[in-house]
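Bear in mind that the values in this text are calculations on the coordinates, not laboratory data. Model, not experiment: these values are computed from the prediction. Cβ coordinates were reconstructed from backbone atoms using ideal geometry, including for glycine residues, and neighbour counts include every protein chain displayed.
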Amino acid sequence: MAQRLNVAPTKSSHLLLKQQLDFARNGFDLLEQKRQILVYELMSRLGRARDVERRVAEALGPAFAALRQATLDLGSAALDNAALAVRLRHQLQVADQPVIGIRLPKVALQSEGGPRQFGLGGTSVNADLALQRFTAALPLLAQLAELENAVLRLARELRKTQRRCNALSRIFMPEYEATIDYITASLEEREREAFVNLRMIKQRLTREEESDKEAAHV
């Protein structure tokens, strides 16, 4: 049974609590709509994130394979030295994408640089292949970072919204409903008592009038 609020059982309290309860119900409806939208957006991005995660794994697998082969061809020290000559410019732009009042990231990646970064001698074709494959995987990694960050923010907002819905539906509104029912019952009881008292007073006045009439006839 829900607890009651500590308020006086008066008509003004009854009216105020009903107004606040109506306001809480409207707020709950809005929060429930928000929760449903968040669930949709979360599940949509979660599915896309899983798909991009699979594509990233498919792209990075051959890239790491080529890197391992290049290491076997050249040795790790020679490969590190060759990597110092690589000149690739990557620009990562992060903007806000508002979704029902939540700032979700929008990531855009721009890559610059020629297809060949190593010299013709002293390196391996696997080094060029590894560089090309890792560079090709960068847009997918940026997309995955965008989706995973959005999923985390949506999940955090969903938990917050769910807690508010639970607080309204399980604590706030039941307390107000129980208090309103209590005040309603108290007011009805007062009205019944007032009616009974009024009837008793009327009966007493009637008896007194009848007694006065009898005395007058005597």
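Under 10 Å, Cα contacts only: if you run a Gaussian network model on the chain, which one of 191, 148, 208 comes out with the highest mean-square fluctuation? Largest GNM mean-square fluctuation: 208.
Divided by 2.2 N^0.38 Å, where N counts the residues, the Cα radius of gyration of the chain comes to 2.24. The long axis of helix 11-74 is offset from the longest Cα principal axis of the chain by roughly 10 degrees.
Here's the picture: a label point sits 7 Å out from the Cα of residue 125 along the beta-carbon direction, and within the range 62-76 the residues with their amide nitrogen under 20 Å of it are 62-75.
Pairs of Lys residues in the chain, spaced 8 or more positions apart or belonging to different chains, with C-alpha separations under 30 angstrom: 7 in total.
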